[in-house]
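**Q** I am attaching a structure below and will ask some questions about it afterwards.
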Amino acid sequence: MAEAQVTVWEPSAEKIRDERIYREMGLTDEEYERAVQLLGRLPNYVETGLFSVLWSEHCSYKSSRLHLRRFPTEGPQVLQGPGENAGIVDIGDGLGVAFKMESHNHPSAVEPYQGAATGVGGILRDIFTMGARPVAFLDSLRFGDLADPRTRWLFAGVVSGIGGYGNCVGIPTVGGEVVFDPAYQHNPLVNAMCVGIVRKDRIVRGTASGVGNPVFVVGAKTGRDGIHGATFASAEDPNAKERSAVQVGDPFLGKLLMEATLELIQTGAVVGVQDMGAAGLTSSSAEMASRAGGGMELWLDRVPVRETGMTPYEIMLSESQERMLVVMERDKAELAFEILHRWGLDAAEIGRVTDDGMLRLWFHGEKVAEVPVRVLVDEAPLYDRPAAAPATLPGADAPAPTPLTDAQQAAQALRRVLDHPSVASKRWVWRQYDTTVRVSTVVGPGSDAAVLRLPETRRLLALTTDGNGRYVYLNPRRGGQIAVAEAARNIACSGGRPLAITDCLNFGNPEKPEVMHQFIEAVEGLADACRALGTPVVSGNVSFYNETGGQDIYPTPIVGMVGVIDELEQVVTSALPEDGLTLIHLGEPDFALDGSLYWQLGVGRPAGDAPRLDLEAERRLQMLLLALAKRRLLRAAHDISEGGLAVAIAEMCIAGGVGARLRWPEPVADAAGWLFSEAQSRALVAVADADVPQVLDAARAHGVPALVLGASGGEELVLADPAGTWLALPVAELREVYESAIPVRMDAPVVRERGSV
Amino acid sequence: MRWAVIVFPGSNCDEDARWAIERATGDAVDLVWHTQASLDGYDAIVLPGGFSYGDYLRSGAIARFSPVMQAVRRAAEAGRLVLGICNGFQILTEAGLLPGALVRNDHLQFRCELCELEVVSADSPFTAGYQPGERIRIPIAHGEGRYIADPSTLDALERKGRVAFRYRDNVNGSLRGIAGILGHRGNVLGMMPHPERAVAEWMGSVDGLRVFTSMRVWHEARAKGGVEVG
Amino acid sequence: MSVWQAEVRVWLKPSVFDPQGAAVQQALRSLGHDGVEEVRIGKSMVLTVRAETAAEAEDQVRAMCEELLCNPVMETYTFTVRPLEEASVGGRAR
Amino acid sequence: MSVWQAEVRVWLKPSVFDPQGAAVQQALRSLGHDGVEEVRIGKSMVLTVRAETAAEAEDQVRAMCEELLCNPVMETYTFTVRPLEEASVGGRAR
Ligand SMILES: Nc1ncnc2c1ncn2[C@@H]1O[C@H](COP(=O)(O)OP(=O)(O)O)[C@@H](O)[C@H]1O
Ligand SMILES: [Mg+2]
């Protein structure tokens, strides 16, 4: 097709300064001044673009960096901490687990299918670029109320987008969470986690070292996708309205890239690999050069493009999906081409590694940018933004929770909580995910943690994501602690030893002191718990500006945790397997309703403080659970979390198709706290009769209170105290409520049809 | 017995199939790249699940042009065993080696779950290890598994005992609940459920094992000159 | 009230990469159709509406596109409307 | 050699249930477009071919449909071909 000569409209350096064009690109006056000063001259258009991208919140973490230093990041198990494409921990037998979580909230809010799909594709590339074979996805999601048709559209689209990408690349999605609350109505959260396995001696990093080594771009051609919105607002750009901030994922290409990259890495000739994610070539090239302490020189006219007339600026800032930057050893380029071509992939040599510390860009023989890498990466602005605590905790003035004083109310309340989409079964979600491809899923979605076999070892992986924005909103520090504690408890209830976490910190506008306060406190809380439980942070991601019309989301840090289980026989699930097992409550009994869903449902907003948490008690409980699993004493275990004891036992009954009878040893006047308290550091375990003494002894030895509450059996869930029966409901009825909550709501039509043709 | 599992660009159950077959039969299994033109020497050929060529346009539509498909066709004509699982089934229908087509599930969603099936025909090389009418559990994982064909084709399939498996609870709207069908000579099977995902206790079912062991028994018998196809 | 048949076509915006189209193009080329430069795949939807006039029918269809059929952040649409009798076959209803 | 633009439309045969069309129809109705009787969804593919004459271009496109773009077991197709210059925008390539 003939193409008219494209006139490049690029303002001069002076015009950028005089008309403050840098503002449209996202730089503040101070940031621009800083760039000028560091550079010693006015940056041209391309250079201003580089600064705007690398100094953005997304790339530079300028509002969060200071505080993220609080995280413990070290430990004997850590093979790779934060700062790389993904973190890696040692699981023994010469193997490492690479994992990371990332948000794709904003794209998903406007195009849920593609937003979620490209989020999954991006996190996938972060894992295999480390040389790790991806083995699992998890997803943590937040939406508004399902009564809202647009929310249903978002929810349906996000779920099918996650499946659309993950299913196609052949990696099982084995766990996650979904919470529905009006606080997320306009700002859904879509956090995706990927986990991979790598031999310790085969880890690759995103480093561009070795002067003269060639730099390749591999995968999709570069188009004008996602170049940040503000620059297009300019009336001078004739194609603006044809453009889209949203990209379409190509999972087929993603799969080929994964296979080819892993094969390429096997050759040993790869120096470094980096995903070209947000900010594409700009951040991948600058970051790779920065890690090596060197420079890089790129010939942009050699980048394969999808559209004609692309300018250096556009090529540098494009966010086209399914591309990677690869640095090979000199003289090994042929090898790369051979492997890539066998997989049907395009690759082009576009530059080389230098040692002068410059990022230097050429276009048809002309030098179009030259900036010290150090200035772009290390000298990025760092903000200590003002933070201010609210005068009182936001839930302190809530009206008291409704007491539950008769059996009918109690049954009704349990039905209502089980019917809440945040508590109810997420089968509607995960039956759309391929959970069993790769033939390694021992425990898929539906229990506390997912469990995967690994072909190379007897050990198994335990995986979970957790986070409760309501708790963090009520008490940011404790909420942060609980996120880690709950994740670790889910691993321990599955028979695993928690190893380390990744995190996704979803917050509102950091320029608001209240939001900054939430952020700082939550980070402190996460750090407290990581230290107490011995699970360092090895990777993570921050997503700020989750606000609409001045309304911020609940501060929502999500924790993704990896643990290890020694052997198949130690795996525990939450399903009650049979009649006649003794049910034991482990942990300090507590009837406080702080932060509970029950209280929120009663008063229409989060109420009270965050639930009680004692990190020392938490650690003891987890040690106990692990010891019991190792001795094969647990027939089932489930942590007590959202919805409290009543939901925990109901879930165990529903999952196993077995009834249970629990009797609290003392009379209960108001059953609300007994049934629905979300006080932390508690679990319910099912134990064979003969093993009860051993379990109680072990609990005593670990300093964990243990209370025998009853036994499994029958067709009903019965909850009683010495004075009588509080609640007796057929398991079949509970299941019906629990399983139908989301499907019934989703049967109402969604607005905006989505999906492939 | 020599097994080939074909790898198309976008196949993702190739390794799974190899693992399961090795486990079920003790035989060695080769992964064979889609560009290979010959399958000489293989007794059984498996087209695995996945998303060949992204399943763009239609599932299996592009993969059927792979060079290896000529060899698959010749093998089928020569009476060797050809098993298409999920995407493999879709490729076999697109290639015309099996009748009908697989289209979008009637509920429009991808569906992954353990499914109950009825073994309809238990006298094929793939199902001889089952009892006729036996109920077994094998997982499905697909978005486009609704089997359709015109009424006369469906009648013929049923009359000739070529319906191998039926869903007990029609999970995707397939006509007559069809989950797997046999070719006209009985040596080609296409099925949407994944037998390779039901071969160990920890998977929740071992009912898929017998697809592979039946194939092996049949092959051994034929090698001894016992059975003939068709 | 008359019945009108509308045909709505929805495409990815030109700058958005169309992986399906790219895969089909490659497949066509490998089948020997090497003159094929680019393939774009969109949706075509045929539906009937009731309205007094063509203009009214068009308004209805436009509203459907904006509300449901097209996501303007990455897609564009075009449509045609004609009285049902004249409507040609395409994917017409049973 | 000139360049021609073809638009191919592929539909499920009328006898094959189109659940996507049914879902869109239901959604449209729930948005208040209750006059919508039936919706059928097909694919629309725009591609360019090189040929001397329109007839030759048509032959090429027909061959593509028969070989790849349409599966006659479940689908039917129609197409149009015109010289590229006249081609309207749709999902035009760049
Ligand atoms: N979006 C999702 N994707 C996959 N699995 C999910 C998703 N949401 C929930 N699940 C699964 O459903 C089960 C219950 O979820 P949840 O109640 O959040 O677990 P817990 O409270 O034990 O952390 C878990 O096994 C979880 O992995
Ligand atoms: Mg839960």
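**Q** Out of the stretch A:700-724, which residues are modelled with pLDDT under 95 and at negative phi?
**A** Residues of the stretch A:700-724 modelled with pLDDT under 95: A:723-724.
Residue satisfying the conditions is A:Ala723 alone.
**Q** What number of residues in the stretch D:24-61 are more than 7 Å from chain C (Cβ to nearest Cβ) and farther than 22 Å from A:Met746 by Cα?
**A** The number of residues fulfilling the criteria is 10.
**Q** Then there's this: Does the stretch A:458-485 hold any residues that are more than 23 Å from A:Ala396 (Cβ to Cβ) and within 10 Å of ligand 1 (Cβ to nearest atom), and which are they? Walk me through how you get there before you give the answer.
**A** Taking the stretch A:458-485 and keeping what is more than 23 Å from A:Ala396 (Cβ to Cβ), we get A:458-466, A:484.
Those that are more than 23 Å from A:Ala396 (Cβ to Cβ) and within 10 Å of ligand 1 (Cβ to nearest atom): A:Leu463, A:Thr464, A:Thr465, A:Asp466.
**Q** Being among the small types (Gly, Ala, Ser) and either farther than 26 Å from A:Val472 by Cβ or part of a helix (DSSP H, G or I) (or both), is that true of even one residue in the stretch A:381-401? Give the derivation first.
**A** So the first thing to find is which residues in the stretch A:381-401 are among the small types (Gly, Ala, Ser), and the list is A:387-389, A:391, A:395-396, A:398, A:400.
Next cut, either farther than 26 Å from A:Val472 by Cβ or part of a helix (DSSP H, G or I) (or both) only: none.
Looking through the stretch A:381-401, none of the residues is among the small types (Gly, Ala, Ser) and either farther than 26 Å from A:Val472 by Cβ or part of a helix (DSSP H, G or I) (or both).
**Q** Could you list all residues from the stretch C:1-34 that are in a loop (DSSP other than H, G, I, E, B) and of a type in the set (A, V, I, L, M, F, W, C)?
**A** We begin by selecting, within the stretch C:1-34, every residue in a loop (DSSP other than H, G, I, E, B); these are C:1, C:13-18, C:31-34.
Once the filter is applied, which keeps residues that are in a loop (DSSP other than H, G, I, E, B) and of a type in the set (A, V, I, L, M, F, W, C), the stretch C:1-34 yields C:Met1, C:Val16, C:Phe17, C:Leu31.
**Q** Confirm whether A:Ala629 is assigned to a helix (DSSP H, G or I), surrounded by 24 or more Cβ atoms within 10 Å (Cβ to Cβ), within 13 Å of ligand 2 (Cβ to nearest atom) and modelled with pLDDT of 95 or more.
**A** In short, no.
**Q** Can you name every one of the helices (runs of 4 or more DSSP H) wholly within the stretch A:95-196 that holds 2 or more residues which are modelled with pLDDT of 95 or more and among the β-branched types (Val, Ile, Thr)?
**A** Details: elements: A:105-110, A:112-128, A:149-169.
It comes to A:112-128, A:149-169.
**Q** Going through the stretch A:454-493 one residue at a time, which ones are within 14 Å of chain B (Cβ to nearest Cβ) and in contact with a helix residue (DSSP H, G or I) (Cβ under 7 Å, 6 or more places away or on another chain)?
**A** Residue satisfying the conditions is A:Leu460 alone.
**Q** State which residue is nearest to A:Val647 (Cα to Cα) when the search covers only the stretch A:738-749 and only residues that are buried (at least 20 other Cβ atoms within 10 Å of the Cβ) and more than 14 Å from every other protein chain (Cβ to nearest Cβ).
**A** Here the residue is A:Tyr738.
**Q** Sticking with this structure for a sec: Is it fair to say A:Glu74 is surrounded by fewer than 15 Cβ atoms within 10 Å (Cβ to Cβ) and either under 30 Å from A:Ala132 (Cα atoms) or within 28 Å of the chain's Cα centre (by Cα) (or both)? I'd like the intermediate steps shown before the answer.
**A** Values: surrounded by fewer than 15 Cβ atoms within 10 Å (Cβ to Cβ): yes; either under 30 Å from A:Ala132 (Cα atoms) or within 28 Å of the chain's Cα centre (by Cα) (or both): yes.
Yes; evaluated as a whole, the condition is true for this residue.
**Q** Name, by its number, the condition in (1) more than 14 Å from every other protein chain (Cβ to nearest Cβ); (2) crowded, with 19+ Cβ neighbours inside 10 Å; (3) within 17 Å of the chain's Cα centre (by Cα) that does not hold for B:Ser59.
**A** So B:Ser59 meets the others, but not (1).
**Q** May I pose another question? Go through the residues of the stretch A:515-535 one by one and say whether even a single one is touching a Phe, Trp or Tyr at 6+ places or on another chain (Cβ under 9 Å) and among the polar types (S, T, N, Q).
**A** First, pick out the residues of the stretch A:515-535 that are touching a Phe, Trp or Tyr at 6+ places or on another chain (Cβ under 9 Å): A:515-516, A:518-519, A:522-523, A:526-527, A:530.
Next, from what is left, pick out any that are among the polar types (S, T, N, Q): A:518.
Checked against the condition, which is being touching a Phe, Trp or Tyr at 6+ places or on another chain (Cβ under 9 Å) and among the polar types (S, T, N, Q), the stretch A:515-535 yields at least one hit.
**Q** Scan the stretch A:542-556 for residues that are in contact with a helix residue (DSSP H, G or I) (Cβ under 7 Å, 6 or more places away or on another chain) and part of a strand (DSSP E or B) and report the count.
**A** Within the stretch A:542-556, the subset in contact with a helix residue (DSSP H, G or I) (Cβ under 7 Å, 6 or more places away or on another chain) is A:543-544, A:546, A:552-556.
If we keep only those that are part of a strand (DSSP E or B) too, we end up with A:543, A:552, A:556.
Residues meeting the conditions: 3.
**Q** Let me ask something additional. Six or more apart or on different chains, Cβ under 8 Å: which pairs go from a residue in the stretch A:626-644 that's farther than 23 Å from A:His420 by Cβ to one that's of a type in the set (Asp, Glu) and more than 16 Å from ligand 2 (Cβ to nearest atom)? Could you list them?
**A** A:Lys630/A:Asp566; A:Arg632/A:Glu569; A:Leu633/A:Asp691; A:Arg635/A:Glu578
**Q** Could you list, in sequence order, all residues of the stretch A:161-183 that are under 15 Å from A:Arg438 (Cβ atoms) and within 8 Å of ligand 1 (Cβ to nearest atom)?
**A** A:Thr173, A:Val174, A:Gly175
**Q** Answer yes if at least one residue in the stretch A:718-735 is within 16 Å of ligand 1 (Cβ to nearest atom) and of a type in the set (A, V, I, L, M), and no otherwise.
**A** The answer is yes; a qualifying residue exists.
**Q** Let me spell it out: the conditions are (1) in a helix (DSSP H, G or I); (2) under 30 Å from A:Val571 (Cα atoms); (3) more than 16 Å from ligand 1 (Cβ to nearest atom), and A:Val515 meets all of them except one. Which number is the exception?
**A** Status for A:Val515: all satisfied but (2).
**Q** Further question: Would you point out the residue of the stretch A:663-688, among those that are in contact with a strand residue (DSSP E or B) (Cβ under 6 Å, 6 or more places away or on another chain) and within 17 Å of A:Pro705 (Cα to Cα), that is surrounded by the fewest Cβ atoms within 10 Å (Cβ to Cβ)? Can you show your working first?
**A** Let us first name the residues in the stretch A:663-688 that are in contact with a strand residue (DSSP E or B) (Cβ under 6 Å, 6 or more places away or on another chain), namely A:663-664, A:667-668, A:671, A:683-687.
Then keep just the ones that are within 17 Å of A:Pro705 (Cα to Cα); that gives A:663-664, A:683-687.
On the way: A:Arg663: 16, A:Trp664: 22, A:Ala683: 26, A:Leu684: 25, A:Val685: 26, A:Ala686: 27, A:Val687: 23.
That would be A:Arg663.
**Q** Inside the stretch A:418-457, can you point out the residues that are more than 12 Å from ligand 1 (Cβ to nearest atom) and outside any strand (DSSP E or B)?
**A** Matches in the stretch A:418-457: A:Asp419, A:Thr436, A:Val437, A:Arg438, A:Val439, A:Ser440, A:Pro455, A:Glu456.
**Q** Here's a follow-up. Give just the number: which of (1) over 26 Å from the mean Cα position of the chain (by Cα); (2) more than 14 Å from ligand 1 (Cβ to nearest atom); (3) farther than 19 Å from A:Leu593 by Cβ does A:Glu618 not satisfy?
**A** That leaves (1) as the condition not met.
**Q** Criterion first (in a strand (DSSP E or B) and in contact (Cβ under 8 Å) with a residue 24 or more places away in the chain) does D:Val46 satisfy it? Walk me through it before giving the result.
**A** Numbers: in a strand (DSSP E or B): yes; in contact (Cβ under 8 Å) with a residue 24 or more places away in the chain: yes.
Yes, satisfied.
**Q** With the condition kept exactly as written, say whether any residue in the stretch A:522-529 is away from ligand 1 (no atom under 12 Å from the Cβ), of a type in the set (Val, Ile, Thr), within 30 Å of A:Tyr383 (Cα to Cα) and outside any strand (DSSP E or B).
**A** Step one: filter the stretch A:522-529 for residues away from ligand 1 (no atom under 12 Å from the Cβ), giving A:522-529.
Adding the requirement that they be of a type in the set (Val, Ile, Thr) leaves A:523.
Okay, now just the ones that are also within 30 Å of A:Tyr383 (Cα to Cα), so A:523.
Still in the list and also outside any strand (DSSP E or B): A:523.
Scanning the stretch A:522-529 turns up at least one residue that is away from ligand 1 (no atom under 12 Å from the Cβ), of a type in the set (Val, Ile, Thr), within 30 Å of A:Tyr383 (Cα to Cα) and outside any strand (DSSP E or B).
**Q** Further question on the same structure: Out of all the residues in the stretch B:67-103, which are surrounded by 24 or more Cβ atoms within 10 Å (Cβ to Cβ) and part of a loop (DSSP other than H, G, I, E, B)?
**A** Selection gives B:Cys86, B:Leu98.
**Q** I'd like the residue in the stretch A:421-431 that is farther than 15 Å from B:Gln109 by Cα and either more than 11 Å from ligand 2 (Cβ to nearest atom) or among the polar types (S, T, N, Q) (or both) and, out of all such residues, is nearest to the other protein chains (Cβ to nearest Cβ).
**A** A:Ser425
**Q** Which residues, taken from the stretch A:129-151, are within 14 Å of chain B (Cβ to nearest Cβ) and away from ligand 1 (no atom under 14 Å from the Cβ)?
**A** A:Arg133, A:Pro134, A:Val135, listed by residue number.
**Q** So, in the stretch A:312-338, of the ones that are in contact (Cβ under 8 Å) with a residue 40 or more places away in the chain and surrounded by fewer than 19 Cβ atoms within 10 Å (Cβ to Cβ), which residue ends up farthest from the other protein chains (Cβ to nearest Cβ)? Working first, answer last.
**A** Kept after step one, since they are in contact (Cβ under 8 Å) with a residue 40 or more places away in the chain, are these residues of the stretch A:312-338: A:312-330, A:332-333, A:335-336.
Pick out the ones that are also surrounded by fewer than 19 Cβ atoms within 10 Å (Cβ to Cβ) and you get A:329-330, A:332-333, A:335.
Details: A:Glu329: 27, A:Arg330: 30, A:Lys332: 23, A:Ala333: 23, A:Leu335: 18 Å.
Checked the stretch A:312-338; the qualifying residue farthest from the other protein chains (Cβ to nearest Cβ) is A:Arg330.
**Q** What number of residues within the stretch B:104-136 are in a loop (DSSP other than H, G, I, E, B) and away from every other protein chain (no Cβ under 14 Å)?
**A** We begin by selecting, within the stretch B:104-136, every residue in a loop (DSSP other than H, G, I, E, B); these are B:104-110, B:120-134.
Narrowing the set further to residues that are away from every other protein chain (no Cβ under 14 Å) leaves B:120-134.
Qualifying residue count for the region: 15.
Residue-by-condition table, conditions (1) under 23 Å from A:Ala132 (Cα atoms); (2) surrounded by fewer than 18 Cβ atoms within 10 Å (Cβ to Cβ); (3) more than 31 Å from the chain's Cα centre (by Cα):
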| site | (1), (2), (3) |
| --- | --- |
| A:Gln266 | yes, yes, no |
| A:Gly277 | yes, no, no |
| A:Leu281 | yes, no, no |
| A:Ala289 | yes, no, no |
| A:Gly294 | no, no, yes |
| A:Leu298 | no, no, yes |
| A:Asp301 | no, yes, yes |
| A:Thr308 | no, yes, yes |
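The values are calculated or read from the model by the stated rules, or taken from the named source; none is laboratory data. It should be emphasised that the depicted structure is a prediction, and the values quoted were computed from it without experimental measurement. Here Cβ is always computed from backbone atoms with ideal geometry, including for glycine, and neighbour counts include all displayed protein chains.
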